1. What single numbered condition from (1) at pLDDT 95 or above; (2) in contact with a helix residue (DSSP H, G or I) (Cβ under 7 Å, 6 or more places away or on another chain); (3) surrounded by 19 or more Cβ atoms within 10 Å (Cβ to Cβ) fails to hold for Ile10?
2. So which residues in the stretch 33-91 are β-branched (Val, Ile, Thr) and assigned to a strand (DSSP E or B), if there are any at all?
3. Name the residues in the stretch 92-104 that are outside any loop (DSSP other than H, G, I, E, B) and among the acidic types (Asp, Glu), would you?
4. Test each condition in (1) within 14 Å of Leu116 (Cβ to Cβ); (2) modelled with pLDDT of 95 or more; (3) in contact with a helix residue (DSSP H, G or I) (Cβ under 9 Å, 6 or more places away or on another chain); (4) not aromatic (Phe, Trp, Tyr) for Leu102 and report the one that comes out false.
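The values are calculated or read from the model by the stated rules, or taken from the named source; none is laboratory data. Source: prediction; values computed, not measured. As a convention, Cβ positions derive from the backbone with ideal geometry for all residues, glycine included, and neighbour counts pool all protein chains shown.
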Amino acid sequence: MSVRVGAGIIHRGGKVLAARRAGGPQEGLWELPGGKVEPGEGSADALRREIREELGCELGVSWLYDTVEHDYPDFHLTMDCYVCALAPGAEPTPAEGVHSELRWLGRDELLDVEWLPADRALMAGLTYYWDEVFSDQML
């Protein structure tokens, strides 16, 4: 089985938003917010919809940073990762049962949490390319 998701590398004030899973087999691990692509929608649309549903806010500017392919024991994940900003005035709040905690992590804190397996290498690479990814020209 194959699953495609849109994930947000949400950047604000020199930090990236991480979300801790509230349930399921990977409860307690950290992930980028986002979710599954539904039939008839693209990954960017799925990301915007999921951010509304899971964090109660809108996204502003976004651009595709990378696509991660990862094999979990029971499915193959294709994760389109978008660098994005929240819409002006937006403040994310975790939806009950989806995320138990949100945390803004700076470059030196990115590897301080236990990320889902598909997110680990992405986060390591992001620490290396941080300045280029979050330059004023990109956001």
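1. Condition (2) is where Ile10 drops out.
2. Within the stretch 33-91, Val61, Thr67, Val68, Thr78, Val83 qualify.
3. Here is the first cut: in the stretch 92-104, the residues outside any loop (DSSP other than H, G, I, E, B) are 99-104.
Listed by number, the list holds a single entry, Glu101.
4. (1) is the only condition that Leu102 fails.
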